[in-house]
Every structure is written in structure tokens, then in C-alpha cells.
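The values are calculated or read from the model by the stated rules, or taken from the named source; none is laboratory data. Quick caveat: nothing in here was measured; it's all calculated off a predicted structure. Here the Cβ positions follow ideal geometry from the backbone for every residue, glycine too, while neighbour counts run over all protein chains shown.
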Amino acid sequence: MTEVSASERVDVSFHPSILTIDVEAETNRIVEHLRDSVIRRLSRQGAVVGVSGGIDSSVALALSVRAFGPDRVVALILQEKESSPENPVLARELCRGWGTTPVAEDITAALEGFGCYCRRDEAIREVIPEYDSTYRSKITLPANLLDSDALGLFSVTVISPEGDEQTKRLPLHPYLRIVAATNFKQRTRMAMLYNHAESRNYAVIGTANKNERDQGFFVKYGDGGADVDAIAHLYKTQVYQLATYLGVPDSIQRRTPTTDTYSAPTTEEEFFFRLPFETMDLLWYAEEHQVPIESAAEAMQLTTQQVARAYREFAHRRRSTDYLRSHVLALSARDSGSR
Amino acid sequence: MTEITDTAVVRQQIHDYIVANFLFDTGDVKDDTSLIGQGVLDSTGVLEMVLFLEERLSLSVSDEEVLPEHFDSVDALVAFVTAKMGTDGSSGLVTHET
């Protein structure tokens, strides 16, 4: 018998099509989960979904309509002055297709009340003094996750009204203040979702996917705040499979996913993930299932060094973002000091 | 006053900063402990270390230098800092001789 070394062992269960799902069965499973959660466990009478015109919220809305019918689903369009004007156009197109009546709310005044924009702008000016509110801005990470060992540091990019672009690395304190200020957007959206849900005795349906939840790409008590998750168990590429099956319009499926957080267009890839979804999903799956680096590299036609970098980054992200997924920490009664 | 660019002083400053800033003086780190692997340094922590090196040790750190091989342990940080001090000139490590 010939002994096979770890480096020669090929994981036959891992292949590039491993994330292909039975879309009909998965749809039925999620619809049943939504009904069971909302009606039976939470005793709510319908669902509120925040729709942005992006792929995740479109799929969550489609599933909610299947679960509860169009009359018991509120599609909430939450715009503010820096949102893409394309968002409500696409969201309304989506609602027309599924027979739901969209409800639009402008949250700009609420964000101004919190000081979202001015707190962020002050922090950016610490790094780029000439920046003012006529500029657009975004923060990004380097895109070369597979090809560099560098630990990604955030940069801020500002674009003047004339179109001149300037990018600088963000030091610690301005970075923290920019993130804290812009997080008002997700938290204000969450507050408005709950206003509409509570005024109807409905539940809020979360629109985060597995990549966002597991890697920590969400705002605690912001877009992470919901009663029931519809697609948090699905990789982004699986969300696209469902979108096709459910009939999400091509105009939405073709859109590059963005953060809808910064005034300059920012893709999710450049803001956080640092990899195209097709590559990241497979590498993430492989890392989660402890597929040997050599097997993943062979199946994906990458080098072992590239796969090792991705595995290391994923483990680091998971650890770094535990805080976001943790619930409120409290002592239990039996831990009390009473005698 | 004498400027001392001694490895032992660098090591002590880095070690003390990590223990005080990331462990709140409730624990200790060995010189070869993986700071990233053990969760001592998360992404914000890496930024804090960069700030420490730039402000307290007067070093200039480029994006390309923020690598695990330079930041993942006290040993790695000491090697990185002492090499930088050799190329960047003096650091902010100043002590008083009596």
C-alpha cells in the first residue's frame, strides 16, 4: 500500500460547483422558515423589508412576498441625500413586479439631527484639510488580498466638485470617527424599519447574507438588527442563484453591489471583501470546511500561497468581528453573590 | 542626555505598550506569541500599533510594511523597528543617563 502525504491528498468533495443549490427546494425551505418564525414563533402578522435596489434586499423581499403575500409585506425604501438616485427607481420596479406597495422615507433630516454628515466630514478634514461638503468621499481597503501579505489598512478617498481625486491612509482616530459617524445611517434605517413594523404588528426581515454576517460586514444594531434572517445562511453567489429563480430583474442582478453608505460610489469589494464574490465564496467555504490548502488551490487554479493568505485573512476577520455578533453579555441569576 | 537605540529598550517599550494598551495590564505576552493569531491585535489594534510606532517611536510606516512578518509578535516588531531605525535614522527612544 502506498502512503499518501497530506500535500498529495485531494479533497474530492471540494470543487468549483460546490455552492450550486437546488433553488426551488431552498426557496421552499426559506419560505417555511419565514412563516414559522414570523407567524408562529413571533406572533407577528406580516413583514417589513428594507429595499435598496440591491440583490440581497430584492431576494429577501421576493421570499417575504412568497411567504406572506404582497398585502402583508411592506417594502420600505430608505433614502438619504447621499444615496444613489438609482436605488428607489429599481426598488419601485421590483415592487411593481411582485404587487407590493412601496413606502418611501427620507432619513436625511434624522441623520442631520444626529450629526452624521458633519461628524464624518470633520474626521475626514483631519486627514485632508481642503475637504468640504461639496466633495464626495469613500473609504476603501486595498484590493489585492490574494497577492499581498499586507494587513489591509483603510484609506479615505475624496473627490472634488471638479473631479480631482485624492487618497490618503486613515490614521486610527479619524478612521474610528468616520465609521462611527456613518454607522448612524444603518442604525437610522433600522429605527425606521421598526417604526413601520411595530405600527402594523409586523416583523422586520433581515437582508444580510452569509458573507456579511460571518465576516462582520454589518453594523451592530444597524443592518444587523432584524427579527428574522431570510438569507443569512447563503453565500453571495447562492443569493444570485435564488435571484434568477425568483425573477429578480436583470437590472438589479447586473448591478455591482455597493455599500450605500458613502457619498462616492463604493463597491462592497473595495470597502470590505477585497475579492470578487465568485472567488471569495469558494475560498470561504473551503476555509470553513477545512479543505486542505493544496486541494483548494488545485480546484481553484490558485497558488497555495494565495489560498493560505485568504485562509489567514478569513480567520482574522472572524476573530476581529466576534464583537459584532455577540449578544448583550450579562451575569445569570445563579452567578449572583446572594447567600 | 544620550540617545539610546538599544534593542532591549525597544523591546521593553513595545512589550509594555502591548500589555498596557491591549491587555489592560491583566496579562502578559511572550516575545514570540502570535499577536494576530491570539486575537491580541485585531484590525483596529494593528492601526493602534502603527500609530504607536509613528508617534511614540518617530518612525514612518508605509502601507507595504504593515505585514504579519513585522507585526505578529514582539520579536517581529522589535526586528522591524530596529531595522527601520537603522535606515530611518534615530527614533524617539530617549533616556537620561545619570
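Things to note:
- Of all the listed residues (A:277, A:272), the sole one being modelled with pLDDT under 95, within 14 Å of chain B (Cβ to nearest Cβ) and within 30 Å of residue A:22 (Cβ to Cβ) is A:272.
- Positions within the stretch A:113-134 being of a type in the set (Gly, Ala, Ser) and free of Cβ contacts under 8 Å to residues at least 40 places away in the same chain, in sequence order: A:113, A:133
- Residues satisfying the stated conditions in the stretch B:81-98, i.e. among the polar types (S, T, N, Q), in a helix (DSSP H, G or I) and at pLDDT below 90: B:87
- Residue that is surrounded by the most Cβ atoms within 10 Å (Cβ to Cβ), among those in the stretch B:38-55 that are facing chain A (nearest Cβ under 9 Å) and farther than 17 Å from residue A:313 by Cβ: B:50
- The set of residues in the stretch A:130-147 that are within 14 Å of another protein chain (Cβ to nearest Cβ) and either more than 23 Å from residue B:48 (Cα to Cα) or in contact with a helix residue (DSSP H, G or I) (Cβ under 8 Å, 6 or more places away or on another chain) (or both) comprises A:139, A:140, A:141, A:142, A:143, A:145, A:147.
- Test: residue B:58 is under 15 Å from residue B:17 (Cβ atoms) and surrounded by fewer than 19 Cβ atoms within 10 Å (Cβ to Cβ): yes
- Helices (runs of 4 or more DSSP H) wholly inside the stretch A:54-126 that include at least 2 residues being among the charged types (D, E, K, R), buried (at least 18 other Cβ atoms within 10 Å of the Cβ) and within 24 Å of the chain's Cα centre (by Cα): A:55-68
- Pairs, first within 14 Å of residue B:15 (Cα to Cα) in the stretch B:41-61, second of a type in the set (S, T, N, Q), C-beta under 6 Å, six or more apart: B:57/B:91
- Those residues of the stretch B:13-37 which are surrounded by fewer than 14 Cβ atoms within 10 Å (Cβ to Cβ) and not aromatic (Phe, Trp, Tyr), in sequence order: B:16, B:20, B:23, B:25, B:26, B:27, B:28, B:30, B:31, B:32
- So residue A:188, is it away from chain B (no Cβ under 14 Å) and closer than 30 Å to residue A:70 by Cβ: yes
- Subset tally (residues that are among the charged types (D, E, K, R), under 16 Å from residue A:316 (Cα atoms) and part of a helix (DSSP H, G or I)) for the stretch B:56-80: 1
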